[in-house]
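Undergrad: One structure, as structure tokens, below. Some questions next.
The values are calculated or read from the model by the stated rules, or taken from the named source; none is laboratory data. Predicted, not measured: the structure shown is a model, and the values here were computed from it. Every residue, glycine among them, receives a Cβ derived from its backbone with ideal geometry; neighbour counts consider all protein chains shown. What goes into the accessible areas is simple: the full protein's heavy atoms, side chains included, and nothing from ligands, DNA or RNA. Shrake-Rupley method; radii C 1.70, N 1.55, O 1.52, S 1.80 Å.
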Amino acid sequence: MYKFSFLLLATILMFSCSTTAQMGYATSNKKAIAFFEKALESPRNNYDMRTGRVDYSEGIDLLQKAISKDPNFIEAHQLLAEYYLSSGHPDLAITHLERSILINPNYDPAGSSYIMLAKLQQQNGRYADALKNAKRYLEYGNKSSKLTKEAHLVIQGAEFAIEAMRYPTKFNPINLGPAINTKHPEYFPALTVDGKTLLFTRRLPAPGTELGAQEDFFVSNLNENGQWSEAVPMPKNINTPNNEGAPTLGPDGRTLIFVACPDITGKNYGEGRTGRGSCDLFITKKIGSRWMDPQNLPGKVNTFHWETQPSLSADGKTLYFIRGVYDRDRNKQQDIYRAFLQDDGTWSEAERLPDIINTPMREESVCIHPDGRTLYFSSNGHPGFGGLDLFMSRMDDNGNWSRPVNLGYPINTQFDENSLLVSADGEIAFFASDRKGGFGDLDLYYFELPEHLRPTRTIYMDGVVFDAIDQKPLAGHFQLIDLKTGKVVVESDADKVNGEFLVSLPTSRDYALNVSYPGYNFFSKNFTLTEPQNNEPYHMSVPLQPIIAGAIVRLDNVFFDLDKSNLRPESQVELDKLVDYLNLHPTVHIEIGGHTDTRGDASSNQRLSEARAKSVRDYVVGKGINAIRLTHKGYGETMPVITDAAIEQMLSEKEKEDAHQLNRRTEYKIISK
């Protein structure tokens, strides 16, 4: 909400042209003035030092008495409007502001009343009235530059709202139910990339504390029937008597970054936690079934300013968050920032997102989708419906953000909308609302996101990394590499205790997956996600072969043109990994083996497999690996993974083609270590 300041009233008093009023007031009624001046002092006398809140009821009563003495007392109507607004009654504030203008449309020589009224009307859904009064303000000759900008913003927003409401989007929010929602407020949801674990903030009563309430995290899991389990609190080393809020989860649910604020002393962030003097971001990791004690986020993200509402990218390398910075007048400027994970495990100094995203107004509730390119956030600085609206922006291949798109009506209204979370597949969005029909206060809801507002569909791969011989779980290191650009788009590690992993896979691109662990050969897999039929989650085991003589490793991301032996450019990603592997293990000698399927002439297949194996060897040698460490051999069609007899039994042509693809392969075999 916009709030009045005594500056508006002071302006009216200073420039009043009344010659009959005392002290420049619009009334000469002494009793009315006496009530009014007592009302001016009332907030100072009714300020609660403990909570920082003001009780305006006395001031409202005094102003009503002043107006009863003189119904045309303009300043009393103006101040009463401010007190009603500060007390959460914007409709009554509008009534008295309109009344003050009706008494004398030109009483305020700077026209400030019109822009204040226009902003309130916009925030209460009265867009036509807001448009009229904002334009009326612009007719004044001695208007301020600040309020002129605000008037233009109101005009843009009101015009947008009027048009948007003519074409409402489909919106049917569904309450997540009693397993998640209670009579207490639930908000700020976070979700794993598989959509099966939901973490959120719940505000609970805390008698005897500074604010009488505190925030904790609760977690729920989706069962096989598609129902959410009863939400349970996070462990006590995460939830403390202080506030924990605004969580973001890594895609696998094993990294949690959240905001924690100090108590009234400004120093106590909870047992074992240290901060920088304001709300800071903290990080914890889950190993096996146990969450580690949270630590202040290492690096340069946290400052003496206010850092909150983090959102971690699916690759774990970019952190978006909100930073609040106070100006000289103690007004808090909220903008979206981002920082990058550095090689030493610390976070870089944060950079503010460009002005196409951030405005001079307020941004919050930032959410970077698992596709790494689609940003959702709340703002009251872009054209919208009056309060905080939800927006979307997309980042292009050059790192530039598109102009934010308002999510439209009725997703956005004149009220504040925030806490938006979009599922990995882009079909479902979650948000918090205190709308009618809930369980009490803020509840979590979900709805189907309109097609034009969806991000790039992101699927996932999950499974276990283990020793191929003794089945021992391994904390394999994952790299998902875009074959077109050669860039690592996702980097992660399997769990140290059980070897489990969950890796996001944004669709519409082709990837090379590389899994490595010290003392083992790397694991290779190809994902062709530019084809719609492949856009379903993958569940797979990742057996890693120890570096022993005779171990055979398939190179799934080595590609050749049809019936040719020249390497395609996208093979470079995989072969560079092989070069790195050989540099890391300088005593290892390998054989490069080429294989074909059984279709075609056997002698031609033999020659083709030999030529392809030689092309791979030549590439690796060309990268500086001693030629004596590599041999090559073509096996033609003599060693199929799946026999022709087995292929003939397959029902679909796709199954058969996939089988032939498995037989066409490049491998390396450990000759000696």
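Undergrad: I need the strands (runs of 3 or more DSSP E) fully contained in the range 588-673, keeping only those with at least 3 residues that are more than 18 Å from Asp556 (Cβ to Cβ) and at pLDDT 95 or above.
TA: Passing ranges, in order: 630-634.
Undergrad: Here's another thing I want to ask about it. Residues in the range 71-94 that are within 39 Å of the chain's Cα centre (by Cα) and open to solvent by 10 Å² or more (accessible area, probe 1.4 Å): how many?
TA: Residues flagged as within 39 Å of the chain's Cα centre (by Cα) and open to solvent by 10 Å² or more (accessible area, probe 1.4 Å) within the range 71-94 amount to 10.
Undergrad: Restricting attention to the range 286-318, which residues are surrounded by fewer than 22 Cβ atoms within 10 Å (Cβ to Cβ) and on the phi > 0 side of the Ramachandran plot?
TA: Those that are surrounded by fewer than 22 Cβ atoms within 10 Å (Cβ to Cβ) and on the phi > 0 side of the Ramachandran plot: Gly288, Gly299, Gly316.
Undergrad: Within the range 539-553, can you find the residues that are assigned to a strand (DSSP E or B) and open to solvent by 60 Å² or more (accessible area, probe 1.4 Å)?
TA: Passing the criteria: His539, Ser541, Ile552.
Undergrad: When you look at Arg664, is it within 24 Å of Ser604 (Cβ to Cβ) and surrounded by 14 or more Cβ atoms within 10 Å (Cβ to Cβ), yes or no?
TA: It is true that Arg664 is within 24 Å of Ser604 (Cβ to Cβ) and surrounded by 14 or more Cβ atoms within 10 Å (Cβ to Cβ).
Undergrad: Does any residue of the range 375-388 turn out to be touching a Gly at 6+ places or on another chain (Cβ under 8 Å), open to solvent by 20 Å² or more (accessible area, probe 1.4 Å) and of a type in the set (S, T, N, Q)?
TA: Yes, because at least one residue in the range 375-388 is touching a Gly at 6+ places or on another chain (Cβ under 8 Å), open to solvent by 20 Å² or more (accessible area, probe 1.4 Å) and of a type in the set (S, T, N, Q).
Undergrad: Let me ask something else about it. Here are Lys614, Lys633: which of them is closer than 17 Å to Glu574 by Cα and open to solvent by 70 Å² or more (accessible area, probe 1.4 Å)?
TA: Every option except Lys614 fails the conditions.
Undergrad: Can you pull out every residue in the range 34-65 that is polar (S, T, N, Q), surrounded by fewer than 16 Cβ atoms within 10 Å (Cβ to Cβ) and over 25 Å from Asn124 (Cα atoms)?
TA: Asn45, Asn46, Thr51
Undergrad: Continuing with this model, one more query. Is it the case that the range 501-517 has a residue that's open to solvent by 30 Å² or more (accessible area, probe 1.4 Å), over 30 Å from Thr587 (Cβ atoms) and more than 28 Å from the chain's Cα centre (by Cα)?
TA: Looking through the range 501-517, none of the residues is open to solvent by 30 Å² or more (accessible area, probe 1.4 Å), over 30 Å from Thr587 (Cβ atoms) and more than 28 Å from the chain's Cα centre (by Cα).
Undergrad: Take Ser68 and tell me if it is crowded, with 17+ Cβ neighbours inside 10 Å, part of a helix (DSSP H, G or I) and of a type in the set (Ser, Thr, Tyr).
TA: no
Undergrad: Checking Asn221 against (1) in contact with a Pro (Cβ under 7 Å, 6 or more places away or on another chain); (2) modelled with pLDDT of 90 or more: exactly one of these is not met. Which one?
TA: (1)
Undergrad: Restricting the search to the range 319-355, which residues are open to solvent by 50 Å² or more (accessible area, probe 1.4 Å), at pLDDT 95 or above and in a loop (DSSP other than H, G, I, E, B)?
TA: Hits for the range 319-355 are Glu349, Pro354, Asp355.
Undergrad: Restricting to the range 512-536, name every residue that is closer than 21 Å to Pro473 by Cβ and not aliphatic (A, V, I, L, M).
TA: Asn514, Ser516, Tyr517, Pro518, Gly519, Tyr520, Asn521, Phe522, Phe523, Ser524, Lys525, listed by residue number.
Undergrad: Let me ask something else. Restricting to the range 99-110, name every residue that is in a helix (DSSP H, G or I) and open to solvent by less than 60 Å² (accessible area, probe 1.4 Å).
TA: The answer is Ser100, Ile101, Ile103.
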